[in-house]
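Below is one structure; the comments refer to it alone.
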């Protein structure tokens, strides 16, 4: 781990649980904070099956859904960054 990343790493921001309910993606962090973002912000998650949504991994910096090729970063969620939908490919 580089010195810069190591100095900026905050263990309190590590996700410890994930719940999807009432149209929200709810993530509990190690320090007890709860982050809630609208599920509608994430089209791949909105269109996923319950089985695909349940197949996730909590990583130190975010959440990964292998089946959906989707990664969400905790920093972005904390800052309220609304991901932009992908631009359709022409051709």
Hits in region 35-61 (condition: surrounded by fewer than 12 Cβ atoms within 10 Å (Cβ to Cβ) and part of a helix (DSSP H, G or I)): 50, 51
Residue that is surrounded by the most Cβ atoms within 10 Å (Cβ to Cβ), among those in region 11-28 that are in contact with a strand residue (DSSP E or B) (Cβ under 6 Å, 6 or more places away or on another chain), assigned to a strand (DSSP E or B) and touching a residue at least 12 places away in the same chain (Cβ under 8 Å): 27
Qualifying positions in region 43-61 - under 15 Å from residue 15 (Cβ atoms) and modelled with pLDDT under 95: 60, 61
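The values are calculated or read from the model by the stated rules, or taken from the named source; none is laboratory data. No experiment lies behind these values; they were computed from the predicted model shown. Please note: Cβ atoms are built from the backbone with ideal geometry, for glycine as well, and neighbour counts cover all protein chains shown.
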